[in-house]
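Quick note: the coordinates plus some simple rules give every number you see, no bench work behind them. All values derive from a computational prediction rather than experimental measurement. FYI the Cβ positions are ideal-geometry reconstructions off the backbone, even for glycines, and counts take in every protein chain you see.
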Amino acid sequence: MSYEAKLMQMKKLVKKKAPLPLENQPDREHVIPPSPSYEDRWLSAGLVKEENEYGSVYKRVINYKPGYEHGNYELASLLHTVERWGKAKEDHPLAPDFKRPLVFFDTETTGLKGAGTLIFLMGFIEYTDTSFTLTQYVLPGPDHEAAFLYATNLWKYPMSVVMYNGKSFDMPQVQTRWTMNRNTLPPLLKHTEIDLLHGSKRIWKNEMDTFKLTAVEEEQLGFFREGDIPGYMAPIIYQDAVKNGRAEMLMKVLLHNEWDILSLVTLYIRTTDMLLLDSTEASSNADTNIGKWFTDLKSYDRSKEILSRVISEYGNDEPRAHYHIGFILKRDAHYSKAVDSFTIAANGLSGREKIIAYEELAKLYEHKMKELQSALKWTKNARELLEEGTDISERFKKRMRNNFEHREMRLMKKLFPGQAQ
């Protein structure tokens, strides 16, 4: 027998049937678990049972009238908020997708990470022209997880989902749990994700020490929690409610989640007002941050409008506004005005931004104003400042030092051609 024939014979002996791809495997029959033994205690505490083809889930539903106040805001103001986004037609991370229903969403979990972490509470607020409805779904136990996830309708239609740190935590947790039940549930849809934590950091940077939701509530929304449980207690209370059936403290976890979601609604109102209404009361720092945000989104006209308003009201007392508008003026070829703005910034700022303002002045004087002596002056001043700066990273110092050294050499050659450097 030839060598090739022997190889073929061996391949026949070791060849195995390849397993079917996951999507082609037959669905495993889902066994509906029985209701938990503590069901009556949960129902008497105020929860309502809902059954679906995967098992049981318990829920709490609250309807709020439009005039309901949470902190300084009525929920009804959300309707004007959505209307403003529609009129503004801004391509912005906080803008809703008008093709999808707007939903405010928060979760409570048994841990912070890991495949063993369960979501045990999911809450949603949806609005209509007449009322706002909060629906909270509670997981009765791991056996009912498929029923719990299915009840949320996150598989049914795409939504605009407003969250707080949801892009980094809530939605990844939902995706993980859905993956664990992928052979049972319909696929999880892709939703529009609006994260108010990111928005809060962009707006109140340099103004707030912490961006915990409770801090934002107190400082920006006028809402103060009384009788709230600490967040870290929620998993412990839930585990006790599942183990021993005690639902009294579990209802406090639901109240904690309810306040979280109501704050999402009012924070969305607050941030939208600041982004789209020129008359909204805000600090010069917050308005400057908003102007910078629109610059980063390449909405230069809107950015210039906001920063110009800050400068008109605060003058040189808000040098960061001059700093950020300087880049827009340079982009629009208003070089003389850009020089004025960067000069104010250079004299009023410190650290990294001050160094960059010096660099921009050196660039403008060299390439646009054709004033080489002024360009050299700002370059030398920047090099001295780099050596003095203590609040600047060494990596930034090294990069900028090289830039200014090369610029100084080039300027010296232009100013004194033929001389030894």
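Both the radius of gyration and Dmax for the stretch 87-223 are 16.1, 48 Å, in that order, over alpha-carbon atoms. Peptide packing for 196-209, 262-275 was compared via the average number of neighbouring C-beta atoms within 10 Å per residue; ordered from the highest value, the list is 262-275, 196-209. Counting every other Cβ atom within 10 Å of each residue's Cβ, 113, 377 order from fewest to most as 113, 377. Using a cut-off of 25 Å between alpha-carbon atoms, which lysines can reach residue 413, once sequence neighbours fewer than 8 places away in the same chain are excluded? Within the straight-line cut-off, residue 413 pairs with 363, 368, 370, 377, 380, 397, 398.
Looking at the square roots a ≥ b ≥ c of the eigenvalues of the Cα gyration tensor of the chain, which shape do they give, rounded for a/c under 1.5, prolate if a/b is larger than b/c, or oblate? Verdict is oblate for the chain.
For the stretch 284-415, the alpha carbon convex hull comes to 103 Å³ per residue, rounded to a whole number.
Taking every C-alpha pair closer than 8 Å and separated by at least 6 residues, the mean separation divided by the residue count of the stretch 284-415 gives a relative contact order of 15 percent. Protection proxy ranking, highest mean first, for peptides 102-110, 65-73, 318-326, 365-373: 318-326, 102-110, 65-73, 365-373, where packing is the per-residue count of other beta-carbon atoms within 10 Å, averaged.
For the stretch 343-421 versus the stretch 256-270, the inter-centroid distance based on Cα atoms is 47 Å. Taking amide H as placed 1.01 Å from N in the peptide plane, residue 120 has its amide H under 5 Å from the amide H of 108, 109, 110, each at least 5 places away in sequence or on another chain. The dipole here belongs to the chain: it is taken about the Cα centre, uses +1 on the Cβ of Lys and Arg and -1 on the Cβ of Asp and Glu, and is about 2640 debye. With respect to the chain, whose longest principal axis is taken over its alpha-carbon atoms, helix 372-388 is tilted by about 50°. I'd like to know which of 103, 42, 392 lies farthest towards the positive end of the charge dipole of the chain, counting +1 on Cβ of Lys and Arg and -1 on Cβ of Asp and Glu. The residue sitting most towards the positive pole is 392. Selection among 148, 251, 404 by position relative to the dipole of the chain gives 404 as farthest towards the positive end (Cβ unit charges, Cα centre).
Stokes-Einstein diffusion for the stretch 184-270, with the hydrodynamic radius set to the Kirkwood value over Cα pairs and evaluated at 20 °C in a medium of 1.002 mPa s, equals 141 µm²/s.
With contacts defined as alpha carbon pairs under 8 Å and 6 or more residues apart, what's the relative contact order of the chain in percent? Reported as a whole number, the value is 13 percent. Taken one residue at a time, the phi angles of the stretch 55-70 give Karplus couplings (6.51, -1.76, 1.60, θ = phi - 60°) of x, 10, 9, 10, 9, 10, 10, 10, 9, 10, 6, x, x, 4, 9, 10 Hz. Gly and Pro are set to x.
Per the Kirkwood formula applied to alpha carbons, the stretch 230-293 shows a radius of gyration over Rh ratio, Rg over Rh, of 1.30. Based on C-alpha pairs under 8 angstrom that are at least 6 apart in sequence, the stretch 39-276 has a relative contact order of 26 percent.
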